[in-house]
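Provided herewith is a single structure, encoded as C-alpha cells, for subsequent inquiry.
No value in this document is a laboratory result; all are computed from the given coordinates. What you are looking at is a predicted structure, and each value in this text was computed from that prediction instead of being measured. Quick reminder, even Gly has a Cβ in these numbers, built from the backbone with ideal geometry, and neighbours come from all protein chains shown.
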Amino acid sequence: LGFQHRTFDVNMLIELNTYTSRQRMYDHMEEIRRILFAKRLFPTDYLLDGFETYADSTALNAVWDDTTNNSTITLLDSARKFGTNSMRVVIGAGGNGEVYRGIPTTFEIKPYPRRLQQIKFFAKIDSGSDVIGVTLRDASNRSGLYRTWNVTLDLTTFESNGYVVNLGGTPSSSAGTWNETLIDEIAFTNLAANRTFDIDHIDFATREFQ
C-alpha cells in the first residue's frame, strides 16, 4: 500500500511451503522480495502478464497474437524469471515478427502519458543481440496511431534486472495524433527473423502516488 507523505513500519511473517526443489524455494523468495520492493517504491505497479494463468500454448495464443504470420508463440516452462512459465516467440525466415496483446480495461492505471511512465519486463534472446520495439498502439488503427521505444535485447538468460522502457523519453518512432484514451494494445515489434525470444513478467509502472 502507498500513502502520500506517510511512512509506516510493518512487521511481516511470511511462511513458504516448498515441496519441489531448493531452486523453487529461491524463486518464491525472489518473487516475494520483488513484490515488496515494487509496492514500496512503485505502489501503482500493475503486472500485465506473468504467464502463470495459462494452461497451455492454446490458452496463451488466445491472448497473445501476431499480425505478421511469422511468429510462433508458445508457453515455455523450461526457462522463466519468476513462477513456472514464460512466453517463447520463435520468428521464422519470412521476415521480422511481433507479438501483441490487449491492455485489460480493468486496469486502473491510466494510459501513457497521464500516469503510466515505465514498462518493465524480463527477456532473453537465443544469441547475440537485437533491437526490438516496445509499442503502445490503437488496436483498430495499428499503423496509424502508435508510439514505439526501441530496446536492445542482448541477454541470453533471465538472470538480470530485466529491461525498463522509460516512456517519458522521445519515442523511436510514432504515427498519428496521440490520444491516450484510444491506446489499448501493447506489442513487442520488429523481432528479427530466425531468432528466438523469451519474455516474462511484464509490468506497467509509475513512480507517482495518486
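What order, most packed first, do the peptides 84-96, 50-62 have when packing is the mean number of other Cβ atoms within 10 Å of each residue?
In descending order of packing, they fall as 84-96, 50-62.
What percent do you get for the relative contact order of segment 101-187 when only Cα pairs under 8 Å and 6+ apart count?
Working: 162 pairs, mean separation 36.2, N = 87.
42 percent.
Continuing with this model, one more query. Taking H as built 1.01 Å from N, whose amide H comes closer than 5 Å to the amide H of LEU116, not counting residues under 5 places away?
HN-HN under 5 Å from LEU116: LYS110.
If amide hydrogens are placed 1.01 Å from N in the peptide plane, which non-local residues have theirs closer than 5 Å to the one on LEU48?
Residues meeting the amide H criterion: ILE202, ASP203, PHE204.
Follow-up. Ranking request for peptides 64-71, 182-189, 140-147, 97-104: highest mean number of other beta-carbon atoms within 10 Å first, then the rest in descending order.
Working: 64-71: 17.1, 182-189: 20.4, 140-147: 15.4, 97-104: 18.6.
The peptides rank, most packed first, as 182-189, 97-104, 64-71, 140-147.
Which far-off residues, 5 or more places away or on another chain, put their amide H under 5 Å from the one on SER172, with H placed in the peptide plane?
Those qualifying (amide H under 5 Å, at least 5 residues apart or on another chain) are THR148, TRP149, ASN150.
On to the next question. Looking at segment 121-203, what % of the alpha carbon pairs are farther apart than 15 Å? All intermediate terms of the calculation are to be shown ahead of the outcome.
Details: 1966 of 3403 pairs.
Tail of P(r) above 15 Å: 58 percent of Cα pairs.
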